[in-house]
Amino acid sequence: MRVLIVEDDVSLLAVIRDIFEGESFLTDTAESGDEGYYLAQQVIHDLIVLDVMLPGMSGIEIVRRLRSQGMPVPIILLTAKDAVEDRVSGLDAGADDYLTKPFAVSELMARTRAVLRRRIGQEGDLICGPIRLVPGLRDAFNGEIPLHLTATEYALLEFFLCNKDRILTREQIFDRVWGFDSGAATSAIDVYVHHLRKKLAAHGADSLLRTVRGVGYVFHV
């Protein structure tokens, strides 16, 4: 999973980054609101940890803009202990949770797990239309029919379902599923999308995975 951390206190930023990397998250960081907003638009994240008081664009304004664009990424706000108005404004703007400074590592990770669970549902399954992704089995089902996915097909379908109705560029897909430091070629995207479509087609759901010519793909329900 990938987290974006936006915090102008460089020391705190480094601490939060180390916490998430210690939990095997990939991390992107920014020290200003404008940079954070740019990264949130350019890279697909599973979580954003966002300070409210930032140079440039405020954390609340970032939340408001991302939600107005339909981005469903979970957002945890970092606020000062006595900043009640900021917490209320942030939640009203669309943030999922908030954490007051200073905070314990255990609380940060507990709130992270909570917002990620809410994203995929209480049972841990991710459901989009007739497709149900089951993390515990590393497989997906069309209704009650298993798709028998390989590890790469599973990672690809999970990425699509977590970003349903959002156009994903080929660069974003390759970065998330293979990683730019891998030895795979970007042509692997087309190969595995073809494999995935064949498995979806066997149960009449291949039309959900659409090609956006010249850009990438979108899973549309």
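What follows draws every value from the coordinates through simple rules; no lab data is involved. Just so it is clear, the structure is predicted and the values come from calculations on it, not from any experiment. Heads up, the Cβs are rebuilt from the backbone with ideal geometry, glycines too, and the neighbour counts pull from every protein chain shown.
Under unit Cβ charges (Lys, Arg +1; Asp, Glu -1), what dipole magnitude, rounded to 20 debye, does the chain have relative to its Cα centre?
For this selection, approximately 980 debye.
How far, in nm, would the chain grow between THR211 and VAL134 when pulled straight, counting 0.36 nm per residue and subtracting the alpha carbon separation?
Between THR211 and VAL134, full extension yields 25.3 nm more.
Calculated from DSSP H runs of 4 or more alone, at -39500 (n - 2.57) each and per residue, what is the 222 nm mean residue ellipticity of the chain, nearest 500?
-13000 deg cm²/dmol
Output ³J(HN,Hα) for segment 157-174: one whole-Hz value per residue in order, computed from phi by the Karplus curve 6.51 cos²θ - 1.76 cosθ + 1.60 with θ = phi - 60°, and x for Gly and Pro.
3J(HN,Hα) across segment 157-174, in whole Hz: 5, 4, 5, 5, 5, 5, 10, 4, 6, 10, 5, 9, 6, 4, 5, 5, 5, 5.
What is the distance in Å between the Cα centres of segment 12-66 and segment 134-186?
24 Å
With +1 on the Cβ of every Lys and Arg and -1 on the Cβ of every Asp and Glu, and nothing else charged, how large is the dipole of segment 2-120 about its Cα centre, in debye rounded to the nearest 20?
In total the dipole reaches around 580 debye.
For segment 32-39, take each phi angle, set θ = phi - 60°, evaluate the Karplus expression 6.51 cos²θ - 1.76 cosθ + 1.60, and give the result in whole Hz per residue in order, putting x for glycine and proline.
Karplus values, whole Hz, x for Gly and Pro: 9, x, 5, 5, x, 5, 4, 5.
Using 7 Å Cα-to-Cβ label points, what is the ASP165/LEU12 separation (nm, one decimal)?
3.4 nm
Could you tally the net charge around GLU144, taking each other residue with its Cβ under 14 Å from the Cβ of GLU144, Lys/Arg +1 and Asp/Glu -1?
Residues close to GLU144 contribute a combined charge of -1.
Which residues in segment 27-56 place their backbone N less than 20 Å from a point set 7 Å from the Cα of ARG2 along the Cα-to-Cβ direction?
Under 20 Å, as judged by backbone N against the label point of ARG2, lie 27-51 of segment 27-56.
For the ranges 43-56, 192-205, what's the packing order if you count other beta-carbon atoms within 10 Å of each residue, average per peptide, and put the highest first?
By packing density, highest mean first, the sequence is 43-56, 192-205.
Which order, highest average first, do 85-93, 137-145 follow once you tally other Cβ atoms within 10 Å for each residue and take the mean per peptide?
85-93, 137-145
Multiply the residue separation of GLU144 and LEU26 by 0.36 nm, subtract the distance between their alpha-carbon atoms, and state the gained length in nm to one decimal. Before the final figure, lay out each step's value.
Working: separation 118, 0.36 × 118 = 42.48 nm, distance 3.32 nm.
Separation in residues times 0.36 nm, less the Cα-Cα distance, equals 39.2 nm.
I want to check the label-to-label distance for ARG113 and HIS220. Put each point 7 Å from Cα in the C-beta direction and report it in nm to one decimal.
Rounded to a tenth, the inter-label distance reads 3.9 nm.
Using modelled backbone amide H atoms (1.01 Å from N, in-plane), which distant-in-sequence or interchain residues come within less than 5 Å of ASP28's amide H?
Answer set, sorted by chain and number: VAL3, LEU4, ILE5.
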